[in-house]
Amino acid sequence: MSAFTDLLGIDAPLVLGPFGGLSSVALAAAVSEAGGLGSFGLYGYDGERIRRVGEELRAATARPFALNVWLPTGDEVEPGPEHDRYAQALAPLFAEVGADVPPRPERYVPPLAGQLDAVWEVAPAVLSTVFGVPSAALVAEAHRRGVRIVGTATTVAEAVALDAAGVDAIVATGAEAAGHRVSFLKPAEESLVGTFPLVPQVVDAVSVPVIAAGGIGDRRGVAAAFALGASAVQVGTAFLATRESAATAAHRAAIRSAAAEDSVLTRAMSGRLARGLRNRAVAEIEDAGAIAPFPAQNWLTGRFRTPAGAQGRGDLQSLWLGQAAALGRGETAAEVFAELSAGLP
Ligand SMILES: Cc1cc2nc3c(=O)[nH]c(=O)nc-3n(C[C@H](O)[C@H](O)[C@H](O)COP(=O)(O)O)c2cc1C
């Protein structure tokens, strides 16, 4: 046991990263049941879906789990008159999957306040956040309810800001990680610190346990993270390829076959910088040069990504994966968990 496992009431300091839009109850529950901390990403979920997921998680495991929300940064666009222009730029991709060019929706993402009301009802052991510093009111409310709050940093300065806000632990996520670069103090392009330099410098700068994330795929990565001073490890890509994951077959196959240098950082799919495979959708959108701001682009690409997933087409999905994709071992969450556990001190 360690300060981190004691804090959360878990057996092993191994965290399943949340996957906004791609989390599954089966995977989160499997990691919690194995003795780690399963996380479920709530990006795009309204209160009703969050309550349903909470019930499903409770039915699947009695162990602690984390829910994850994206904090508003203030530069999110609302649906406006530019919507049709943004949508039209992607018309060929909608046509390819047999979808209409989508009309302007009422909103692109559900508001945070409604998400949080539902999170409090679910009462997870942990609420983790990305894209900012949780407000004093949010930290106080979490603590009043006995919910631990975890922030996410891509730089030392972000970690210091999170520490000052009173979070209980900090995920230090290196640029090797899959998915969005969750920077909030400087542009993501100026916050590309790797896990190796980031973790020890964050450990030195903050007073709370640090969870290392990004590019950790097997026991060697886990051992290295602890040698750097981390109190826990968060893994995404290696778990995303398992049987319990919600990733499509094409996405899993992409993870299993990706070399270390195959992923790129791109704004093409969501309007924010994220790491994934440069498939045809990314290449065509980047080449066309018309990328709507977040979250408009994310909402719009979702209108062809979902049918593409159902049609088994990897070329038109977001194939988020990190630089350690090839290190992932195991068909099941338990197998990946056992491999990672072997690197614990
Ligand atoms: C498909 C996908 C979606 C993700 N969505 C989120 C998210 O909503 N919130 C978050 O904190 N992290 C998110 N992440 C990051 C992971 O939780 C994790 O920190 C990251 O994958 C770790 O790096 P690794 O992939 O190299 O293991 C996402 C990652 C992937 C692959």
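The values are calculated or read from the model by the stated rules, or taken from the named source; none is laboratory data. Please read these numbers as outputs of a predicted model, since none were measured by experiment. Every residue, glycine as well, gets a Cβ built from its backbone with ideal geometry; the counts of neighbours run over all protein chains shown. Quick note on the areas: whole protein, heavy atoms, side chains included, nothing else; ligands and nucleic acids left out. Shrake-Rupley method; radii C 1.70, N 1.55, O 1.52, S 1.80 Å.
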Handout entry: For region 151-282: relative contact order, % (alpha-carbon pairs under 8 angstrom, 6 or more apart)
Key = 22
Fill in the blank from the handout: Surrounding charge for residue 7, neighbours by C-beta under 9 angstrom, Lys/Arg +1, Asp/Glu -1, total -1
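Below 8 Å, C-alpha to C-alpha, sequence gap of six or more: please give me the relative contact order for region 71-164 in percent.
Here the relative contact order equals 27 percent.
For the chain, what does -39500 (n - 2.57) per DSSP helix run (n ≥ 4), summed and divided by total residues, give at 222 nm, in deg cm²/dmol to the nearest 500?
Helix-only estimate at 222 nm: -11500 deg cm²/dmol.
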Problem - Whole-Å distance, taken between Cα centres, linking region 144-167 and region 274-317 - result: 31
Practice task
Just add up the charged neighbours of residue 104: K/R +1, D/E -1, any other residue whose Cβ is under 14 Å from the Cβ of residue 104.
Solution key: -2
Practice task
Over the chain, average the accessible area per residue using a 1.4 Å probe and give it in Å², no decimals.
Solution key: 39
Completion exercise
The extension gain from residue 99 to residue 76, computed as 0.36 nm times the residue separation minus the Cα-Cα distance, is 5.7 nm
Exercise for the section: Give the longest segment of the chain that steers clear of GluC sites (Glu not before Pro) in DSSP loops with at most 10 neighbouring Cβ atoms within 10 Å, not counting the sites themselves. Expected result: 107-260
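Counting only protein heavy atoms and a 1.4 Å probe, tell me what percentage of the chain's accessible area is made up of carbon and sulfur.
52
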Practice task
Express the Stokes-Einstein translational diffusion coefficient of the chain in µm² s⁻¹, to the nearest whole number, given a Kirkwood radius over alpha-carbon pairs, 10 °C and a viscosity of 1.306 mPa s.
Solution key: 79
Completion exercise
Taking Cα pairs closer than 8 Å and at least 6 residues apart, the relative contact order of the chain in percent is 18
Problem - region 193-207 versus region 23-89: alpha-carbon centroid distance in Å - result: 27
Practice task
Name the residue farthest towards the positive end of the dipole of the chain from the options 97, 187, 283, assuming +1 on Cβ of Lys and Arg, -1 on Cβ of Asp and Glu, about the Cα centre.
Solution key: 97
